[in-house]
1. So if I check each of B:Ala146, B:Ala182, B:Ala209, which one is under 16 Å from the mean Cα position of the chain (by Cα) and among the hydrophobic types (A, V, I, L, M, F, W, C)?
2. Mind counting the residues in the range B:129-172 that are within 12 Å of chain A (Cβ to nearest Cβ) and of a type in the set (D, E, K, R)?
3. If B:Tyr18 satisfies all but one of (1) under 30 Å from B:Leu168 (Cα atoms); (2) surrounded by fewer than 23 Cβ atoms within 10 Å (Cβ to Cβ), what's the number of the condition it fails?
4. Being within 14 Å of chain A (Cβ to nearest Cβ) and touching a residue at least 40 places away in the same chain (Cβ under 8 Å) is the filter here; which residues of the range B:102-128 pass it?
5. Of all residues in the range A:1-25, which are more than 19 Å from B:Val135 (Cα to Cα) and more than 7 Å from every other protein chain (Cβ to nearest Cβ)?
6. Which residues, taken from the range A:30-53, are small (Gly, Ala, Ser), at pLDDT 95 or above and surrounded by 14 or more Cβ atoms within 10 Å (Cβ to Cβ)?
7. Residues to consider are B:Thr195, B:Thr231, B:Thr215, B:Thr225; find the one that is part of a loop (DSSP other than H, G, I, E, B) and either more than 14 Å from every other protein chain (Cβ to nearest Cβ) or not hydrophobic (A, V, I, L, M, F, W, C) (or both).
Amino acid sequence: MDRRAVFFFGAAAVCLVLVPLSDGYAWVSAVVAGVYALLGVGSWLDARSHRRL
Amino acid sequence: MDDLLLVLVVAVALGFDYVNGFHDAANSIATVVSTRVLSPRAAVIWAAFFNFAAFLVFGDAVAATIANDVVVQDVLSIGMIFAGLVGAIIWNLITFVFGLPTSSSHALVGGMAGAAVAKAGFGVLIADGLRKIGVFIVLSPLIGLAMGLLLTLLIFWVFHRTRSTERLNQGFRIGQLFSAAAFSLGHGANDAQKTMGIILALLIASGHAQAGDSTPLWVVLSAHTAIGLGTLSGGWRIVKTMGSKITRLQPVGGVAAETGAAVTLFATSAAGIPVSTTHTITGAIVGVGAARRLSAVRWGVAGRVVWAWILTIPGAFLISWLTFLVVDVFA
């Protein structure tokens, strides 16, 4: 799997772990987790399309 | 006698602020210097001005968090705050000697916590406040990274018809003046407010202010002046690490990194969250490198920086804890 996608999915997982610890700022952790998950999917698709070319 | 001690410790707090500006000057100017948009001398003057001007834009929410949400009010004393400051300053100087971009802010929180625990045990720490700061130790570089990366992608998408990268970078050289100014404004806002918070805590401890009072104007002005003067003195060892060792930056990347970090600092300062300007800009620079490819980031240097982050709170905690034991003997 693409290393960059793995990094982004890892960052998303870290942010998800922080959600229950974030009290009034849980939404910030959740949004950042969502952004990293999207970046992970985008990066994975990008690497996949490059391999096919 | 107490008033004389108070004045001395306020001077030490302003000294910490000066060292903070000196230590973190690199964050504000590293990208603008490494892309040769400004000479080092012009860059520090530019950054110092916006560090000082930050008091006109932001309130004192971060100062209130430092004064009220780290340790319980009853434990605050002039000696305890002095020990906390000494621990943070010594830690900053140690990391400066090794050229590590660690966080002055977390050194301050670690120092305050260490001195308070030495005085009255772990029960005086405010779990909610420390948890909020702890969560943002992790989140602030990740937000900076995401912002740096997304802004880089956005810039390349908007200017994808520009065939010459040279021309694109030429245009962004001017843009970098504004992004560096914005980042320096955010740096002045978040970091000077931490010193304002310490001085407010001192005023509360000595009976010159009540818990919940807003920060007096002389405190606001002196804290912003001290950080501006510190930035003016500059810290060149760390400029090298931030400006070229993490990833090579072009003006386009410099604008993305500084703007991403500035937006993060504006939002956290408005919400009263003390974050590390160092963490934020480092994350944003890594984000710009990662937009090209992960191998563009020198992970060995980034890893060294992460270790320095992890060690900052325990390191400053320990030094302040020991300092308080010495202060207590003399008190």
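The values are calculated or read from the model by the stated rules, or taken from the named source; none is laboratory data. Model, not experiment: these values are computed from the prediction. FYI the Cβ positions are ideal-geometry reconstructions off the backbone, even for glycines, and counts take in every protein chain you see.
1. The unique qualifying residue is B:Ala182.
2. Summing the residues that are within 12 Å of chain A (Cβ to nearest Cβ) and of a type in the set (D, E, K, R) in the range B:129-172 gives 2.
3. (1)
4. Across the range B:102-128, the qualifying residues are B:Ile126, B:Asp128.
5. Across the range A:1-25, the qualifying residues are A:Met1, A:Asp2, A:Ala5, A:Val6.
6. Passing the criteria: A:Ala30, A:Ala33, A:Ala37.
7. The unique qualifying residue is B:Thr215.
A quick yes/no check of all residues on (1) more than 14 Å from B:Ser34 (Cβ to Cβ); (2) at pLDDT below 90:
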position	(1), (2)
B:Ser206	yes, yes
B:Val220	yes, no
B:Thr225	yes, no
B:Gly230	yes, yes
B:Trp236	no, yes
B:Thr241	no, yes
B:Arg248	no, yes
B:Ala257	no, no
B:Ala262	yes, no
